[in-house]
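Novice: Dropping a structure here in structure tokens format, bear with me for questions.
The values are calculated or read from the model by the stated rules, or taken from the named source; none is laboratory data. For clarity, every value in this text was computed on a predicted model and none was experimentally measured. A quick note on method: Cβ atoms are made from the backbone with ideal geometry, for glycine too, and the neighbour counts reach across all protein chains shown.
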Amino acid sequence: MNQKINIGLFGYGVVGESLYHVLKHSKTVDAGVSKICVKQKDKKRSLAENQFTFNKEDIIDDRDINLVVELIDDAEEAYDIVKRCLQNNKSVVSGNKKMLAHHLDELIDLQEKTDASLLYDASACGSIPIIRNIEEYYDNDLLKSVTGILNGSSNYILSKIFNEGLGYETALKQAQDLGFAESNPSLDVDGLDSLYKLIIIATHALGTFVLPDQVFNYGISNLKESDVQFAREKNFKIKLVAQLIKLDDESFTMFVIPRLVRPDKYIYNVEDEYNGVVIQGEFYDKQFMFGKGAGGFPTGSAVLSDITARSHNYKYEYKKQKYFKKLEYRTDHEIEIYLRYKNIVDFSYFEFENISEKYTGPDHNYVVGKIKLDNLLKIRSILSKLDVFLAYIRN
């Protein structure tokens, strides 16, 4: 793309406004925002009214706009915008991880049939360029696992709990006040945001697309002081971790679960709104990437990186899908967990393969044992209703 990039921007929230500011100060790419499409007509904004439109067709049908940047929070609307733009041979940069996690296989096929490109590095890990690194540097079959703190909001909350002794509700309120967590924080604290990002990463890391409802996710909203106390007594911290594991040459598994992390692990010292990703390979062992995972400017800068890449005609090649054998996604994998529970009825839903540690107390009980992901997936829909908390243990 040698001509100037004329951007049609969807969304002017925290990230959209930050991107606009970053573009104004960037000298690396000849790009400017031509039109901005927003939903709320009566909202006060920092730019003149004539720079905004309320009709998405004004961007989709504008032939002078050669790159669309989609930064809205409505996944279904984002899907419609991205799909139609690709069909019109317009390249797109998207930050909507929920939309991508549900439709990425279809969108990959669509862009293969057109000259357009869909880039979304900013959707997966904030300021960390994880997708492009996996695409370019780890474009072989030696990758064994990806372990990551992928959500800055939940990590901020857990950092305040473990480092400053704040209660969960206090830490959550602080994250909301700082803009790291939404007024409805379930996307972050229940592990959905991390799940969507993990699915995007897995598509590039191993070449297999898996729908969100096939992957187990569990968050930190049921965390209690007794769980924090258990972790401290064992010299652990609790982190919300997304895990992708290649089991053998034929298969892999993945999940999002709070993890009891030892001090010798890289992610132990990833604090506040930062993300951290550990990539492990067959011969290069472990490599660690670290950066801010929440906030307007870090994410806006990541979007700028995608825009700059597109100015050089960059496209994801999806090498793992094209040139390597497709791996089977399995959920019969056995993991070790800590489970805190109050009553035996709640405990009865969990089908442990074996139990190595058990505690019974006046206020709560816990066990440490091995359980299959199949069982956790089976009861995922009722977990939020149970008085339990679980965390993954990996020695």
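Novice: What number of residues in region 80-115 are under 18 Å from VAL303 (Cα atoms) and of a type in the set (Ser, Thr, Tyr)?
Specialist: Final tally of qualifying residues: 2.
Novice: Tell me, please, whether a residue that is among the small types (Gly, Ala, Ser), closer than 30 Å to LEU198 by Cβ and assigned to a strand (DSSP E or B) can be found in region 83-97.
Specialist: yes
Novice: Since LEU304 meets every condition but one in (1) under 24 Å from VAL215 (Cβ atoms); (2) more than 17 Å from the chain's Cα centre (by Cα); (3) aliphatic (A, V, I, L, M), which condition does it not meet?
Specialist: (1)
Novice: How many of the residues in region 2-13 are at positive phi and either free of Cβ contacts under 8 Å to residues at least 60 places away in the same chain or among the aliphatic types (A, V, I, L, M) (or both)? Talk me through it step by step, then tell me what you get.
Specialist: Going through region 2-13, the residues at positive phi turn out to be 11.
Okay, now just the ones that are also either free of Cβ contacts under 8 Å to residues at least 60 places away in the same chain or among the aliphatic types (A, V, I, L, M) (or both), so none.
Selection size over region 2-13: 0.
Novice: Still on this structure, I have one more. Is at least one residue of region 133-143 more than 21 Å from the chain's Cα centre (by Cα), modelled with pLDDT under 90 and polar (S, T, N, Q)?
Specialist: yes
Novice: Right, next: Take the residues in region 179-236 that are outside any loop (DSSP other than H, G, I, E, B) and charged (D, E, K, R); name whichever of them is farthest from SER153 (Cα to Cα).
Specialist: In this case the residue turns out to be GLU233.
Novice: Can you give me the ranges of the helices (runs of 4 or more DSSP H) entirely in region 290-395 with at least 3 residues that are surrounded by fewer than 18 Cβ atoms within 10 Å (Cβ to Cβ) and assigned by TED's automatic domain parsing to the domain that holds LYS237?
Specialist: Answer list for region 290-395: 344-347, 373-378, 380-383.
Novice: Just to check your reading of the model, which residue among ASP264, ASP272 is among the acidic types (Asp, Glu), more than 18 Å from TYR392 (Cβ to Cβ) and not in a strand (DSSP E or B)? Working first, answer last.
Specialist: Working: ASP264 fails: more than 18 Å from TYR392 (Cβ to Cβ).
That would be ASP272, the only listed residue that is among the acidic types (Asp, Glu), more than 18 Å from TYR392 (Cβ to Cβ) and not in a strand (DSSP E or B).
For (1) in contact (Cβ under 8 Å) with a residue 12 or more places away in the chain; (2) outside the structural domain of VAL82 (by TED's automatic domain parsing); (3) in contact with a helix residue (DSSP H, G or I) (Cβ under 9 Å, 6 or more places away or on another chain); (4) under 14 Å from ARG310 (Cβ atoms), each residue gets a yes or a no:
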site	(1), (2), (3), (4)
VAL15	yes, no, yes, no
LEU23	yes, no, yes, yes
ALA31	yes, no, yes, yes
GLN40	no, no, no, no
LYS44	no, no, no, no
ALA48	no, no, no, no
ASP62	yes, no, no, no
GLU70	yes, no, yes, yes
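Novice: Here are some residues: ASP139, ASP105. Which one is in contact (Cβ under 8 Å) with a residue 40 or more places away in the chain, under 26 Å from ARG310 (Cα atoms) and assigned by TED's automatic domain parsing to the domain that holds LYS237?
Specialist: Step by step, each of ASP139, ASP105 is checked, and only ASP139 is in contact (Cβ under 8 Å) with a residue 40 or more places away in the chain, under 26 Å from ARG310 (Cα atoms) and assigned by TED's automatic domain parsing to the domain that holds LYS237.
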